[in-house]
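Below is one structure; the comments refer to it alone.
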Amino acid sequence: MSTAVLANRLDLNSVADTTLKVATRCWFLVVLIGQSIFAFSVASFFGLPALRGDFHGWSKHITHGHIPGDTMGNFAVAMHLFSAVVIILAGVFQLVPQIRNRFPAFHRWNGCLYVVTAFTISLAGLYMMWIRGSVGDLSQHLGTSLMAVLIMLCAAMALRYALARDFKTHRRWALRLYLVVSASLFIRAGLFLSFILNHGPFGFDPATFTGPFLTFISFAQYLVPLAVLEIYFRTQERARATGRLAMAAGLLVLTVAMGAGIFAVTLAVWVPQVKAAYDPRKSIAETLSATIASSGIDQAAKQYHDLKTAEPATYNFDEGELNSLGYQLIGSKKFREGIRIFQLNVEAYPQSGNVYDSLAEAYMGDGNKPQAIANYQKSLQLKPKNRGAAEMLRKLNAP
């Protein structure tokens, strides 16, 4: 072999190694940014109101988020939310090599916290899903349950090899644990990326939150990252320069896709959650919910109009307030109450396609097909790209 050929191969190997390192760091940076925003939104949206004694917001994004009198269930939800924030932050510190090398004692203690939190979040999640109940069908529950089992398995194996001082194997299990724990970020990024590509829900029914795409993504959220990691391990050990360049290219594509999904979910969900958490106004949804429980929906509707006239700056009358309350009511099979709440939202926001879509969903749940069709049509008129409404109209055999 000539010196020139050898030099070219060495140059190609050096370029491949550098490119793969850059691609890996870009991927980790995007995940780090996404997890930081995610953790901040969870801590803000769920934590701050809870400290003020306001648990109404828990039910906006969690099925049976807070149920008065259910101490065990509420504790499971609290531990799941708290553990989510802790494990995201601990994972960041655990994987940064500069911290691991300079502060080994901190790395060990943080690793122990990470493992304990992994078990806590998994057990709390299983309780919330199988005992308390959650959205989705059996296939999604099985996918999430397998994820919880894998989290605990990876945590146990990472701890085992750390104690055995087999740090190479420990690192691999720690990376697997990090990816499975991060599945809650990946599924959100993947779901909202599908919304961008499809201009709306794809492969599932938004009303029931079931469908083949949700079944697929319930497993793919952790199996795909784990598969990519195993390919990465083998690429590092055995692949030629061209293989490492191909791995780097694949990682960059995944990074761009994930970044787009994270950007979408940030704008659609996390930014509004943070704004709501720091909004000094009282929640009109919480106020009306208490009135419905004590005095009925008619009194709550009157209270809504009275407060909107007398104290418009004191209460939060944003569209999302009544929308979330309406979904809580229809989720509890209180369709009459839910329909009335959605009607109030239609009165307040007559140019919003979303409020008509929600009202149509409530009518459909109540078995009122003509009203469901009429409101889905109105929603589609105001929001022509609402594919969910178009799909529901097709199912209802409406023009």
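The values are calculated or read from the model by the stated rules, or taken from the named source; none is laboratory data. The structure displayed is predicted, hence computed values, not measured ones. Using ideal geometry, Cβ is built from the backbone for each residue, glycine included, and neighbour counts are taken over all protein chains shown. Note: areas computed on protein heavy atoms with side chains; ligands, DNA, RNA excluded. Shrake-Rupley method; radii C 1.70, N 1.55, O 1.52, S 1.80 Å.
In this model, which of Lys308/Lys385; Lys302/Lys333; Lys282/Lys302; Lys282/Lys385 are farther than 24 Å apart at the alpha-carbon?
From Lys308/Lys385; Lys302/Lys333; Lys282/Lys302; Lys282/Lys385, over 24 Å: Lys308/Lys385; Lys282/Lys385.
Report, by chain and number, residues whose modeled amide H sits under 5 Å from the one on Lys282, excluding near sequence neighbours (fewer than 5 apart, same chain).
For Lys282, the qualifying residues are Tyr315, Asn316.
Keeping all protein chains in place, calculate the accessible area per residue for the range 246-320 (probe 1.4 angstrom), answer in Å².
50
Just flag the trypsin sites (Lys or Arg not before Pro) in the range 41-133 sitting in loop per DSSP whose Cβ has no more than 15 other Cβ atoms within 10 Å.
Within the range 41-133, the qualifying trypsin sites (Lys or Arg not before Pro) (loop, at most 15 other Cβ atoms within 10 Å) are Arg52.
Taking the Cα atoms of the range 297-347 alone, what are Rg (to one decimal) and Dmax (as a whole number) in Å?
So, for the range 297-347, Rg and Dmax equal 10.8, 32 Å respectively.
If you roll a 1.4 Å probe over the chain with all protein chains in place, what percent of the accessible area is carbon or sulfur?
Within the chain, the accessible surface is 65 percent carbon and sulfur.
Amide H neighbours of Asp205 under 5 Å, at least 5 residues apart or on other chains, H built in the peptide plane: list them.
Amide H neighbours of Asp205, under 5 Å, 5+ apart: Thr210, Gly211.
Apply the Debye scattering formula to the range 1-114, with a single equal point scatterer on each alpha-carbon and no solvent, then give log10 I(q)/I(0) at q = 0.13 Å⁻¹.
-0.70
What lysines does Lys168 reach when the alpha-carbon gap must be under 19 Å and sequence neighbours fewer than 8 apart in one chain are set aside?
Lys21
Jot down the per residue volume, in cubic angstrom and as a whole number, of the convex hull over the alpha-carbon atoms of the range 188-263.
In the range 188-263, the Cα convex hull volume per residue is 89 Å³.
Give me the Kirkwood hydrodynamic radius of the range 245-377 in Å, from all C-alpha pairs, to one decimal place?
About 16.7 Å for the range 245-377.
What Rg and what Dmax come out for the chain when only alpha-carbon atoms are used, in angstroms?
24.4, 90
What are the ³J(HN,Hα) couplings of the range 378-386, residue after residue, when phi is run through the Karplus curve with 6.51, -1.76, 1.60 and θ = phi - 60°? Round to Hz, x for glycine and proline.
Each residue of the range 378-386 in turn: 5, 4, 5, 5, 7, 9, x, 8, 6 Hz.
With the Cα gyration tensor of the range 70-156 giving a ≥ b ≥ c as the square roots of its eigenvalues, does the rule (a/c under 1.5 for rounded; else a/b larger than b/c for prolate; else oblate) give rounded, prolate or oblate?
Verdict is prolate for the range 70-156.
If I build a Gaussian network model for the chain, linking alpha-carbon pairs within less than 10 angstrom, which residue out of Ile217, Ile88, Ile99 has the largest mean-square fluctuation?
Looking only at Ile217, Ile88, Ile99, the biggest GNM fluctuation is shown by Ile99.
Among 225-233, 336-344, 316-324, how do they line up by average Cβ neighbours within 10 Å per residue, starting with the highest?
Final packing ranking: 336-344, 316-324, 225-233.
Would you list, by chain and number, the aspartates and glutamates whose Cα falls below 12 Å from the Cα of Lys334, excluding same-chain residues fewer than 8 positions away?
Asp366
Output needed for the range 122-267: three equivalent-ellipsoid semi-axes, defined as square roots of 5 times the C-alpha gyration tensor eigenvalues, in descending order, whole Å.
Equivalent ellipsoid semi-axes, largest first: 29, 23, 11 Å.
Using every alpha carbon pair in the range 77-127, what percent of pairs falls into each 5 Å bin from 0 up to the bin containing the largest distance?
Calculated over all Cα pairs of the range 77-127, the distribution is 5, 23, 28, 19, 12, 8, 4, 1 percent.
Heavy atoms only, probe 1.4 angstrom, no DNA, RNA or ligands counted: give me Ile284, Ile62 ranked by accessible area, highest first.
Ile62, Ile284
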